[in-house]
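*Asks:* Would you mind keeping the following structure in view while I ask a few things?
Derivation of every value follows stated rules applied to the coordinates shown; laboratory data play no part. It should be emphasised that the depicted structure is a prediction, and the values quoted were computed from it without experimental measurement. Glycine also receives a Cβ, built like all others from the backbone with ideal geometry; neighbour counts cover every protein chain displayed.
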Amino acid sequence: MSESAEFIEQTVAKLVALYDQPFGGTGKKGGRYRIPAKLVRDIAGRRRLYEDDVKELTRAMLEKGYVLIDMDSFFVVTSANTFVNYRRANEDCLE
């Protein structure tokens, strides 16, 4: 396994584990969260995450059933299932 693939795999595993872990005093057993970009870099063991790194992380998270959203200074992690029941826009609503 290449160094790049290994850091992606390890980072995804930690981000997914955080999703399942209760924190933040909400009493919830886990779920969506936001995480500072600096903490993601720390988890990844990198001083900098490049655009390609973020794309690879995003793809790997989708493969595991999670969505990683880059908000510049932080990331949001949520389940891909979150979006399944959203209302659907179609051509009729554009008219």
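*Asks:* Considering segment 57-87 alone, what residues qualify as being among the small types (Gly, Ala, Ser) and more than 19 Å from Ala13 (Cβ to Cβ)?
*Replies:* If the condition is that a residue be among the small types (Gly, Ala, Ser) and more than 19 Å from Ala13 (Cβ to Cβ), then Ser73 is the only one that fits.
*Asks:* Mind checking which residues of segment 73-95 are within 26 Å of Val40 (Cβ to Cβ) and either among the small types (Gly, Ala, Ser) or in contact with a strand residue (DSSP E or B) (Cβ under 9 Å, 6 or more places away or on another chain) (or both)?
*Replies:* If the condition is that a residue be within 26 Å of Val40 (Cβ to Cβ) and either among the small types (Gly, Ala, Ser) or in contact with a strand residue (DSSP E or B) (Cβ under 9 Å, 6 or more places away or on another chain) (or both), then Ser73, Phe74, Phe75, Val76, Val77, Thr78, Ser79, Ala80, Thr82, Phe83 are the ones that fit.
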